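Engineer: Have a look at this one before I ask anything.
The values are calculated or read from the model by the stated rules, or taken from the named source; none is laboratory data. Because the structure is a prediction, the values reported are computed rather than measured. Cβ: placed from backbone, ideal geometry, glycine included. Neighbour counts: every protein chain shown.
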Amino acid sequence: MKRTLDVNIGSVAFVIDEDAYYMLKRYLDDVGERFEPVEAAETLNDLEMRIADIFSEELFSPRQVVDTALVRKAISILGRADDFGERRAAQERRKADVKNLRRSRSNRVIGGVCGGVAEYFGIDVSVVRLLTFLLVFFGGISLWVYIILWIVIPSATASGSVR
């Protein structure tokens, strides 16, 4: 004997067994994670309306129970959650992984070029400053290279975005 739940899907009441309910809930949650919050509400509302249509077409009586087979059929008609795109968390993580070379505003002595290079490569700013000093005075790299980098590399604001 299975437990059943009375649920409203797309403003239509259905009796659904517990396993089918959790399967449908996981599917809708998974789809919702793939959209921005405003888009997710609208998309999920549309999906629920379509699911209600599919369930209504398949059930002959209002008291007939929606089972996992019917939920699987509805999901196959609507498409897998992966078909709706990538999860927002994965999209944000991929955006966060992109590194940009910026002049530092917190580790600056003159123009922030050494601080920005150190932040970009994840090393101590003192090492970059020491290497810059040695290259300018003993390695033949001109001070003009530093000045050109100062002009070319965009400055970061306090939050880390381009100013």
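Engineer: Do we find that Leu24 is assigned to a helix (DSSP H, G or I) and touching a strand residue (DSSP E or B) at 6+ places or on another chain (Cβ under 9 Å) in this structure? Step through it out loud before you land on a result.
Structural biologist: Working: assigned to a helix (DSSP H, G or I): yes; touching a strand residue (DSSP E or B) at 6+ places or on another chain (Cβ under 9 Å): yes.
Spelling it out, Leu24 is indeed assigned to a helix (DSSP H, G or I) and touching a strand residue (DSSP E or B) at 6+ places or on another chain (Cβ under 9 Å).
Engineer: Here is a follow-up. So for segment 40-57 (the condition being within 22 Å of the chain's Cα centre (by Cα) and closer than 30 Å to Ile148 by Cα), does at least one residue qualify?
Structural biologist: no
So that you can scan it fast, the table gives a plain yes or no per residue for (1) of a type outside the set (S, T, N, Q); (2) surrounded by fewer than 17 Cβ atoms within 10 Å (Cβ to Cβ); (3) within 25 Å of Gly85 (Cβ to Cβ):
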site: Met1; (1), (2), (3): yes, yes, no
site: Ala13; (1), (2), (3): yes, yes, no
site: Gly32; (1), (2), (3): yes, no, yes
site: Asp53; (1), (2), (3): yes, yes, yes
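Engineer: Scanning for something of a type in the set (Ser, Thr, Tyr) and within 27 Å of the chain's Cα centre (by Cα), does segment 58-65 turn up at least one residue?
Structural biologist: First, pick out the residues of segment 58-65 that are of a type in the set (Ser, Thr, Tyr): 61.
Going one step further and asking which of them are within 27 Å of the chain's Cα centre (by Cα), we end up with none.
Within segment 58-65, none of the residues are of a type in the set (Ser, Thr, Tyr) and within 27 Å of the chain's Cα centre (by Cα).
Engineer: Restricting attention to segment 1-43, report how many residues are touching a residue at least 24 places away in the same chain (Cβ under 8 Å) and within 14 Å of Arg63 (Cα to Cα).
Structural biologist: 7
Engineer: Given the condition at pLDDT 80 or above, in contact with a strand residue (DSSP E or B) (Cβ under 8 Å, 6 or more places away or on another chain) and under 14 Å from Leu101 (Cβ atoms), answer yes or no: does some residue in segment 135-151 qualify?
Structural biologist: Scanning segment 135-151 turns up at least one residue that is at pLDDT 80 or above, in contact with a strand residue (DSSP E or B) (Cβ under 8 Å, 6 or more places away or on another chain) and under 14 Å from Leu101 (Cβ atoms).
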